[in-house]
Amino acid sequence: NSRRTLEIRLGAYGSAQHLLLVRDLTQIHRLETMRRDFVGNITHELRTPLTVLRGMSEEIASMESPDAESLVRPAQLMEQQIDRMSRLIEDLLLLSRLETEASSKASTAVDIPAVLDDVLKEAESLSGGRHRIQSQIDRELMIRGDEDELRSAFSNLLANAVSYTGENGIVDVQWFQAGGKACLAVADTGPGIAPHHIPRLTERFYRADSGRSAKSGGTGLGLAIVKHVLSRHDAELEINSTVGEGSTFTAVFPHGHGYELQ
Ligand code: ADP
């Protein structure tokens with residue numbers, strides 16, 4: 001959209017002169033729209049679990065003589081929704097810290113292979129044996145950065161690969177060096193993503209397939225977090241995907257500024 005918003009004011013200046021003031025408000029308007037959309041999205045994301053919680057508590061209140069067994073299902077549903085709200089709040093806090101705070105540990109050497117071991121274990125448990133999770137890790141390759149931030153970025157990429165890939169699918173993780181760059185590639189044999197969605201995936205709450213994404217239990221903030229963490233490490237996210245075949249998300253860490261290979 002190339003439309004611009006200009007504010008033009010003509011005022012008297014001194015006795016004979018006039019002052020013409022032109023202000024470009026385009027950027028201010030764009031930020032305002034983004035802020036409004038963001039608040040609208042958060043409201044929607046919080047309202048959905050609250051509606052379920054209200055429904056369940058009404059169901060319990062209306063029970064004549066509730067026994068332990070009849071309370072199991074509403075209690076489980078309530079727990080799921082409370083988890084969902086907690087995850088959303090955690091992700092919002094992390095995202096806001098990433099946007100506003102300077103990185104405190106950016107120049108510490110991070111043992112990425114050890115971080116990946118943990119993240120892979122987490123992915124195994126999320127998968128519950130429904131996928132084949134394989135990895136190839138250069139155990140000598142480390143980078144400088146913030147371990148907690150990198151852990152949450154990698155964990156989001158793996159959680160997505162597991163969540164969006166169906167039963168018996170393959171999730172493949174590779175940590176390697178190529179052309180002086182350190183790369184983490186997370187590939188899956190999931191549904192893939194249509195090309196027109198790809199440039200927008202790292203926007204907050206953007207979902208390529210809202211039905212499938214809702215079932216994934218994600219907050220809609222995972223890739224926004226990944227993008228912020230990577231840009232704080234001067235790294236980039238590459239997304240390659242073919243519908244019906246799968247997707248590969250690659251974090252590419254360059255040499256140089258604020259970062260160096262060990
Ligand atoms: P969500 O919580 O919805 O997963 P993300 O920011 O992590 O939020 O991802 C944004 C969207 O990108 C998802 O809703 C989904 O449509 C798409 N996506 C992310 N990872 C994958 C993947 N591995 N395979 C297919 N689609 C994916």
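The values are calculated or read from the model by the stated rules, or taken from the named source; none is laboratory data. Keep in mind the model is a prediction, meaning the values are calculated, not measured. Here the Cβ is made from the backbone with ideal geometry for all residues, glycine too, and neighbour counts use every protein chain on show. What goes into the accessible areas is simple: the full protein's heavy atoms, side chains included, and nothing from ligands, DNA or RNA. Shrake-Rupley method; radii C 1.70, N 1.55, O 1.52, S 1.80 Å.
Before moving on, here are some points about what is shown:
- Label-point separation, Arg97 to Thr48 (7 Å along Cα→Cβ), nm: 2.5
- Computed from the C-beta positions of Thr33 and Arg139, the FRET efficiency with R₀ = 41 Å rounds to 0.30.
- Note on the chain: helix-only mean residue ellipticity at 222 nm, from DSSP H runs of 4+ residues weighted -39500 (n - 2.57) and normalised by residue number, equals -16000 deg cm²/dmol.
- Once the C-beta distance of Ala75 and Asp234 is scaled by a Förster radius of 51 Å, the resulting FRET efficiency is 0.65 to the nearest 0.05.
- Net charge of Cβ neighbours under 13 Å - reference Val39; Lys, Arg +1; Asp, Glu -1: +1
- Value in Å of the Kirkwood radius, where region 1-140 supplies the Cα pairs that are averaged: 21.9
- Total charge dipole magnitude, the chain, about the Cα centre, Cβ charges on Lys, Arg, Asp, Glu only, Debye to nearest 20: 1180
- Using a probe of 1.4 angstrom and keeping all protein chains present, the accessible surface of the chain works out to 60 square angstrom per residue.
- Simple label model, 7 Å out from Cα along Cβ direction - Tyr206 to Glu122, nm: 2.4
- Total formal charge among the other residues, if their Cβ is under 10 angstrom from that of Phe249, Lys/Arg +1 and Asp/Glu -1: -2
- FRET efficiency, Ser107 to Ile198 (Cβ-Cβ, R0 35 Å, nearest 0.05): 0.60
- Approximate spin-label separation Phe176-Asp67, in nm, with each point projected 7 Å along Cα-to-Cβ: 6.0
- To put it simply, the accessible area of region 4-156 at a 1.4 Å probe is 53 percent carbon and sulfur.
- Computed over the chain: relative contact order in percent, which uses C-alpha pairs under 8 Å that are six or more apart: 16
- Our summary gives region 3-159 a relative contact order of 16 percent, counting only alpha carbon pairs under 8 angstrom and 6 or more residues apart.
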